[in-house]
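Participant: This is the structure I want to talk about, given as structure tokens.
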Amino acid sequence: MNEFIKPCVVVLLCCLSRPALAEETVETILFGSCIKQDRPMPLLRRMADEKADAVIFLGDNIYADTSDMEVMRSKYDRLRSNPDFQSLLMASPIYATWDDHDYGVNDGGADYPQRKLAQKEYLNFWQVPADSPRRNREGVYDAVILGPVGKRVQIILLDTRYFRSPLKKSEERRVGGPYLPDDGPQKTMLGEAQWNWLGEQLRRSAEVRILASSIQLLASDAGQETWSNLPRERTRLLSLIQSTSANGVFIISGDRHWSEYSRVEKHLDYPIYDFTSSSFNQIHPRGTPTENRFRTNLRTYHKENYGLIKIDWSKSDPAIQVQIRDASREVQIEQALKLSELQSN
């Protein structure tokens, strides 16, 4: 990194550590996933133009794919020095979790031997404060509540990598991936410590809850990496939302290199949505999405994109719009909700 760039980088990374918005009303949140650090990323500058109250990075924030922490660090440096990434850092607070490629290994889980060191690199890059609980526990999961009473938005960042059990594979070639559902009671997605923490978070007071999962929760096909690989864990998550009486919940996810919306109407007293946005700067080579019987419509989007959540608190029944926007900020997929639709009867 040359001396001209370095001072700007130091200033911008301080923005990653700035405090939450506390009592300021949150109306616009962006989200998305998957950045190849060596490719152009002009979409991030378009996202900066949105002047969002918060941005959520859902993982694959770099493609490290290594057990060498010096290599991983150099790839983080490439992302950090990119001017489009810097413009987004200047525009909005960023909240992030990881997926397999920034974790360090494709489709990786708890058996990745460098997970402790990779967590340290992740925390250092995102400038997580020294006194953060994330510095003293395994896994990068985290949560924050933004906005005043009556307009609180809770962002829950899950870690679907650090504790995840090995997945069951098929010997046959399958579209989307080799995995088969495995409902073994010993298998876990989050690990018990994170499960207990998640229950505590869902019991906190908030009007809107955004549950950020690096991989899709609701998509039905288990060939690719989704929660459907571990159906018992998927049911456990939905049951936990129900048993904690957590209202206002919807899911955002990434990973797939295409965008789509999914919806399930069982398990909870209200429909649960999973809004998938991917990728920031990659186009899926196949273009055809895998089977998903929970897709809300036939519309999917396969070019560079990001998600936008807009909350209109001025209405007696707050309105929520979730959009997928392309590189020109044009809307490609859209879902309108009322907050009352995400409430138990």
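What follows draws every value from the coordinates through simple rules; no lab data is involved. The shown structure was predicted, so the numbers you read here are calculated from the model rather than taken from an experiment. Because the Cβ atoms are built from the backbone with ideal geometry, glycine has one as well, and the counts that use them run over all protein chains shown.
Participant: Along the charge dipole of region 96-210, which of G177, G104, V208 sits closest to the positive end, that is, farthest toward it, with unit charges on the beta carbon of Lys, Arg, Asp and Glu (+1, +1, -1, -1)?
Facilitator: Most positive-ward Cα: V208.
Participant: Any idea how far apart R173 and R299 come out in nm if each label point goes 7 Å out from Cα toward Cβ?
Facilitator: With each label point 7 Å from Cα toward Cβ, the separation is 3.4 nm.
Participant: Another question about this same structure. Suppose each label sits 7 Å from its Cα in the direction of the beta carbon; what would the Q186-H284 distance come out to in nanometres?
Facilitator: It works out to 3.4 nm between the two label points.
Participant: Hand me the trypsin sites (Lys or Arg not before Pro) from region 212-304 located in a DSSP loop with no more than 12 other Cβ atoms within 10 Å, in residue order please.
Facilitator: Within region 212-304, the qualifying trypsin sites (Lys or Arg not before Pro) (loop, at most 12 other Cβ atoms within 10 Å) are K266, R286, R293.
Participant: So how strong a dipole does the chain carry about its Cα centre when Lys and Arg Cβ are +1 and Asp and Glu Cβ are -1, to the nearest 20 debye?
Facilitator: Magnitude of the dipole: close to 60 debye.
Participant: Still on this structure, I have one more. Evaluate the charge dipole of region 133-268 about its Cα centre and quote only its size in Debye, nearest 20, assuming +1 on the Cβ of each Lys and Arg and -1 on the Cβ of each Asp and Glu.
Facilitator: 280
Participant: Can you give me the Cα centroid spacing of region 99-144 and region 156-232 in angstrom?
Facilitator: That distance is 17 Å.
Participant: Here are some values of Rg and Dmax of the Cα atoms in Å: (i) 20.0, 62; (ii) 18.8, 59; (iii) 19.7, 58. Which one was computed from this structure?
Facilitator: Matching entry in (i) 20.0, 62; (ii) 18.8, 59; (iii) 19.7, 58: (ii).
Participant: What number, rounded to the nearest 500 deg cm²/dmol, is the helix-based mean residue ellipticity at 222 nm of the chain, given -39500 (n - 2.57) per DSSP H run of at least four residues and division by all its residues?
Facilitator: Calculated at 222 nm, the ellipticity per residue is -6500 deg cm²/dmol.
Participant: May I pose another question? Between E70, E121, E172, where does the largest GNM mean-square fluctuation fall for the chain, given springs only between Cα atoms within less than 10 Å?
Facilitator: Looking only at E70, E121, E172, the largest GNM fluctuation is found for E172.
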